[in-house]
1. Does any residue in the range 8-26 that is touching a residue at least 12 places away in the same chain (Cβ under 8 Å) come within less than 6 Å, Cβ to Cβ, of a residue that is assigned to a helix (DSSP H, G or I) and open to solvent by less than 40 Å² (accessible area, probe 1.4 Å) six or more places away or on a different chain, and which pairs are these?
2. Looking at (1) out of contact with any Phe, Trp or Tyr (no Cβ under 6 Å at 6 or more places or on another chain); (2) in a helix (DSSP H, G or I), find the lone condition where V28 falls short.
3. From A14, A2, A38, grab the single residue that is modelled with pLDDT of 95 or more and either in contact with a His (Cβ under 6 Å, 6 or more places away or on another chain) or not acidic (D, E) (or both).
Amino acid sequence: MAAEFLRRNRTYRAEHAQMRERIASGAVAKNAAEAAFARRWGLSFRHGTG
């Protein structure tokens with residue numbers, strides 16, 4: 001349900017696009033940008049073995 005909420009949330013989608021653009025342009029490091037984005041939106045991902 002949370003994933004569907006985020007998928008439909010315009011602000012989340014806009015901020016995600018901005019983050020990807022900043023990473024692509026080299027303005028920010030990928031890991032740092034993704035970590036900050038995850039904190040802002042309360043995201044947590046399990047690290048699997050494959």
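The values are calculated or read from the model by the stated rules, or taken from the named source; none is laboratory data. None of the values given here were measured: they were computed from a predicted structure. Don't worry about glycine lacking a Cβ; one is built from the backbone with ideal geometry, like all the others, and counts go over all protein chains shown. We work out accessible area using only protein heavy atoms, side chains counted, and drop any ligands, DNA or RNA first. Shrake-Rupley method; radii C 1.70, N 1.55, O 1.52, S 1.80 Å.
1. Partner pairs satisfying both residue conditions: Y12/L6; M19/A33; M19/F37.
2. If we test V28 against (1) out of contact with any Phe, Trp or Tyr (no Cβ under 6 Å at 6 or more places or on another chain); (2) in a helix (DSSP H, G or I), just (2) comes out false.
3. Only one candidate qualifies: A14.
One line per residue, one yes/no per condition, for (1) of a type outside the set (F, W, Y); (2) open to solvent by 70 Å² or more (accessible area, probe 1.4 Å):
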| position | (1), (2) |
| --- | --- |
| T11 | yes, yes |
| E15 | yes, no |
| E21 | yes, yes |
| A27 | yes, no |
| A33 | yes, no |
| F37 | no, no |
| R46 | yes, yes |
